[in-house]
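Report on the following structure.
Any read-out appearing in this document is the output of simple, stated calculations on the displayed coordinates, not a laboratory observation. These figures come from a predicted structure and were not determined experimentally. So basically every Cβ, Gly included, is an ideal-geometry build from the backbone, and we count neighbours across all protein chains shown.
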Amino acid sequence: MMEKKLINVKNLSVSFGNNIILNNINLHLSKKESLVIIGKSGSGKSVLLKCLMGLLKPNLGSIEINGIDIVNTNRTNKENALKNIGVTFQNGALFDSLTVWENITFKDTRFFGFNKKLAKERALSIIQNLELDKNILELYPSELSGGMQKRVAIARAICDQPQVLFFDEPTSGLDPITGKVINDLIEKTVKNLGVSAITITHDISSIKNLASRVILLDNNRIAWSGKPNDMNKSNNHIVKEFLTNQ
């Protein structure tokens, strides 16, 4: 049986003026796969993620999500394709003026008309699955630690039970111990929900925890791809340089 590709990127290129950011990128995400995209600063990881989220239109190429090319379709089809994706941003991107439960259920209350009681019940169920205390529901993001904010951001991303999750540098700004807690939580969440995931990171521990497959970006292109266990055995000098400098 042919492997089902939830996301299929073909010949993707992005440039800003004469500055080439991504050059002829081809990749895919399969059902229940956890793809980790790595690379040094400026390699194009964040630009690639913005393209996948529909926030940035590439100069060339296509991005198919469940068979819908979000680059070359109308707005309605694009929004329908992106409905099945949950995102956690690098710095959490929680709304400062909203409480934890309001942040988690923002989409449900704003777009699906959930009332306060139903939204709080949904938020409570989610944070309990993420091993968070119910007492944080009425707190504001400024009252939470960096690690707690990351957890709340994950809760918001999974609130609508998406098919695919995007994680943008999930351990950025965290100490190694808290970073491991977040990696473990993401690994558990992805497995328990049975979803697919794409994680953008430079963190070696994230690769070990999360990846079923790894893609290394370098010099605007895919320099290497393979299983995480094959990285240390690779003779690719770019892989060796990346691992040495971490």
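Quick notes
- Mean Cα-pair separation over length for the range 41-145, i.e. relative contact order, pairs under 8 Å, 6 or more apart, %: 19 percent
- Across the range 154-246, the relative contact order, built from alpha-carbon pairs under 8 Å that are at least six residues apart, equals 23 percent.
- The residues packed around Asp160, meaning those with a beta-carbon under 10 Å from its beta-carbon, carry a net charge of +3 if Lys and Arg are +1 and Asp and Glu are -1.
- Under Karplus coefficients 6.51, -1.76 and 1.60, residue-wise ³J(HN,Hα) of the range 154-162 in Hz, glycine/proline x: 5, 4, 5, 5, 9, 4, 8, 6, x
- Amide hydrogen neighbours beyond the local backbone of Asn72, cut-off 5 Å, H modeled: Ile63
- In order along the range 19-32, the Karplus-derived 3J(HN,Hα) couplings, from 6.51 cos²θ - 1.76 cosθ + 1.60 at θ = phi - 60°, round to 8, 7, 9, 10, 10, 6, 8, 10, 7, 8, 10, 9, 4, 6 Hz, and Gly and Pro are given as x.
- Vicinal HN-Hα couplings computed from phi for the range 202-208 (Karplus, 6.51 cos²θ - 1.76 cosθ + 1.60; Hz; Gly/Pro x): 10, 8, 4, 5, 5, 4, 5
- Candidates Thr105, Thr189, Thr73: whichever shows maximal mean-square fluctuation once the chain is modelled as a Gaussian network with Cα springs under 10 Å: Thr73
- Burial order of peptide ranges 25-33, 227-235 (average beta-carbon count within 10 Å, highest first): 25-33, 227-235
- Highest-first packing order for the peptide set 15-22, 162-169 is 162-169, 15-22, based on the mean count of other beta carbon atoms within 10 Å.
- Packing-based order for 145-157, 37-49, using average beta carbon neighbours within 10 Å, highest first: 145-157, 37-49
- Beyond 19 Å, the tail of the calculated P(r) for the range 1-155 holds 63 percent of the Cα pairs.
- At full extension, Asn91 and Ser205 could sit 39.2 nm farther apart than now, given 0.36 nm per residue minus the alpha carbon distance.
- Projected label distance in nm at Leu139 and Ser62, using a 7 Å step from Cα toward the beta-carbon: 4.7 nm
- Those residues of the range 32-54 whose amide nitrogen sits under 18 Å from the label point placed on Lys4, 7 Å along Cα→Cβ: 32-35
- Taking the chain and dividing mean pair separation by its residue count, relative contact order in percent (alpha carbons under 8 Å, at least six apart): 25 percent
- Alpha carbon centroid spacing (whole Å) that separates the range 170-234 from the range 31-102: 17 Å
- Net lengthening on full extension, Thr73/Leu55 (0.36 nm per residue, minus Cα-Cα): 5.1 nm
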